[in-house]
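The next block holds one structure in the form of structure tokens; read it before the comments.
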Amino acid sequence: MESLRCLAFLLGYAAFAAAASEEGKTWCYASQQCKVPDCKEPRLWAKLYSECGNNKQSPVNILTRQVTYNNSLKAFNFINYDVESNHKWSMENNGHTVVVQLGQSEKVESGGLNGRYKAVQFHFHWGSEMGNTRSPGSEHSIDGERYPMELHIVHIKEEFSSTDSAIKGKGVAVLGFFIKVGKKNRNYESLISNLEKIGTAGQKVEIPALALESLIPEKKDLTSFYRYTGSLTTPACSEEVVWTLFEKPIELEWEQIEEFWKKVYFDKGKTLPMVDNFRPVQPLGGRIIEKSNSNLLLPPGNALLLVPTAAFLASAWIS
Ligand SMILES: *[C@@H]1O[C@H](CO)[C@@H](O)[C@H](O)[C@H]1NC(C)=O
Ligand SMILES: [Zn+2]
């Protein structure tokens with residue numbers, strides 16, 4: 001699959017060879033390498049940004065049988081997520097993703113967070129399709145399974161005035177949402193219909209601001225989430241990011257998902273569709289993934305494992 005896509009671009013390789021030495025200093029996704037052979041794909045990011053090689057990186061695979069339930073992970077308090085700002089949103093193709101800058105009026109607290117965080121931007125990660133084969137594009141996976149897309153709403157602690165200072169001050173929290181194929185999602189229509197205006201890297205478009213809550217599942221479905229400490233999933237891979245992955249995915253219809261790679265390109269010349277802009281999962285190492293106990297009627301994970309064992313012992317004794 002990947003080699004077919006690459007073949008087409010290799011024919012144009014000579015034209016890019018001159019730029020190659022400069023590209024050696026830039027990071028990229030594996031899907032860009034056929035056109036920019038010298039750029040550093042995820043396995044090589046640490047050569048340019050050493051923190052990418054550290055041991056508390058994101059994304060990770062979540063093994064649902066190994067999570068630790070934590071009753072302190074209460075529901076989030078979403079502030080102004082229901083407010084349609086009267087400012088426009090600025091949506092940009094930054095050469096790696098589609099990112100929407102926010103006015104920082106939307107905030108979150110509780111949910112086991114240490115303080116109040118304001119939303120600075122959201123962006124997406126997605127996959128690709130070749131013929132009838134669809135490749136998933138989420139960054140995190142659940143029991144090894146990935147979703148078609150993933151939405152990241154990046155928040156910084158209230159006291160920081162810029163994302164850079166929040167990264168340095170270990171004050172970043174990302175809310176992650178999986179996106180699955182489902183019914184048409186009308187709330188995404190204005191965002192998706194504007195993708196064609198930001199086809200090339202560096203382009204920006206103003207879109208009407210929405211209530212942030214219209215892009216994510218209903219509040220009642222957001223009490224079940226995973227929590228761990230990781231990193232930004234793009235260079236410089238800064239660590240001590242507080243990650244939340246919600247169990248309930250967002251639904252988009254397949255035709256809406258496809259628009260991302262049909263309309264958006266990695267480059268200025270529109271030669272390389274923006275596809276597979278995700279970082280592969282990183283080792284969990286000694287980290288523990290916690291889960292909110294949204295349904296306290298269910299026994300915690302460990303008890304679930306003990307029950308069958310006890311039943312087995314009992315039956316062994318009877319016979
Ligand atoms: C449970 O979550 C709270 C809030 O994030 C945290 O302070 C605490 O350390 C966690 N408990 C355990 C046992 O991990
Ligand atoms: Zn992201």
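The values are calculated or read from the model by the stated rules, or taken from the named source; none is laboratory data. Nothing here was measured: the structure is a model prediction, and the numbers come from that model. Positions of Cβ are backbone-derived with ideal geometry, glycine not excepted, and every protein chain shown enters the neighbour counts.
Taking the stated definitions as given, is residue 125 assigned to a loop (DSSP other than H, G, I, E, B), touching a Phe, Trp or Tyr at 6+ places or on another chain (Cβ under 8 Å) and not β-branched (Val, Ile, Thr)?
Considered against the rule, which asks whether it is assigned to a loop (DSSP other than H, G, I, E, B), touching a Phe, Trp or Tyr at 6+ places or on another chain (Cβ under 8 Å) and not β-branched (Val, Ile, Thr), residue 125 comes out as no.
Residues in the stretch 172-188 that are closer than 22 Å to residue 134 by Cα and away from ligand 2 (no atom under 12 Å from the Cβ): 178, 179, 180, 181, 182, 183, 184, 185, 188. Residues in the stretch 117-149 that are among the polar types (S, T, N, Q) and away from ligand 2 (no atom under 13 Å from the Cβ) were compared, and the one that is farthest from residue 284 (Cα to Cα) is 132. Taken over the stretch 281-293, the criterion of being surrounded by 15 or more Cβ atoms within 10 Å (Cβ to Cβ) and away from ligand 1 (no atom under 16 Å from the Cβ) is satisfied by 281, 282.
Among the candidates 69, 81, 49, single out the residue that is among the aromatic types (Phe, Trp, Tyr) and within 16 Å of ligand 2 (Cβ to nearest atom).
Details: 69 fails: within 16 Å of ligand 2 (Cβ to nearest atom); 81 fails: within 16 Å of ligand 2 (Cβ to nearest atom).
Result of the check over 69, 81, 49: 49.
Restricting 229, 244 to those that are surrounded by fewer than 17 Cβ atoms within 10 Å (Cβ to Cβ), out of contact with any helix residue (DSSP H, G or I) (no Cβ under 9 Å at 6 or more places or on another chain) and closer than 30 Å to residue 286 by Cβ reduces the list to 229. Among the residues that make up the stretch 294-311, is at least one of them surrounded by 15 or more Cβ atoms within 10 Å (Cβ to Cβ) and modelled with pLDDT of 95 or more? No, because not a single residue in the stretch 294-311 is surrounded by 15 or more Cβ atoms within 10 Å (Cβ to Cβ) and modelled with pLDDT of 95 or more. Those strands (runs of 3 or more DSSP E) of the stretch 186-269 in which 3 or more residues are aromatic (Phe, Trp, Tyr) occupy 225-231.
All conditions but one from (1) surrounded by 12 or more Cβ atoms within 10 Å (Cβ to Cβ); (2) at pLDDT below 65 apply to residue 34; the one that does not is (2). For the stretch 40-53, the set of residues classified as under 16 Å from residue 281 (Cβ atoms) and exposed (fewer than 15 other Cβ atoms within 10 Å of the Cβ) consists of 43, 53, listed by residue number. Filter the stretch 135-150 down to the residues that are touching a helix residue (DSSP H, G or I) at 6+ places or on another chain (Cβ under 8 Å) and in a strand (DSSP E or B), then identify the one that is nearest to residue 85 (Cα to Cα). The selected residue is 149. Applying a threshold of 6 Å to beta carbon distances and a minimum spacing of six or more residues, or different chains, the list of pairs starting in the stretch 51-70 at a residue that is farther than 11 Å from residue 289 by Cβ and modelled with pLDDT of 95 or more and ending at one that is of a type in the set (Phe, Trp, Tyr) and buried (at least 18 other Cβ atoms within 10 Å of the Cβ) reads 52/45. One residue alone among 137, 199 is touching a residue at least 12 places away in the same chain (Cβ under 8 Å) and farther than 30 Å from residue 68 by Cα, and that residue is 199.
None of 206, 139, 189 is of a type in the set (Asp, Glu), at pLDDT 95 or above, more than 16 Å from ligand 1 (Cβ to nearest atom) and surrounded by 22 or more Cβ atoms within 10 Å (Cβ to Cβ) except 139. Checking each residue in the stretch 100-120 for being surrounded by 19 or more Cβ atoms within 10 Å (Cβ to Cβ) and free of Cβ contacts under 8 Å to residues at least 60 places away in the same chain picks out 117, 118, 120.
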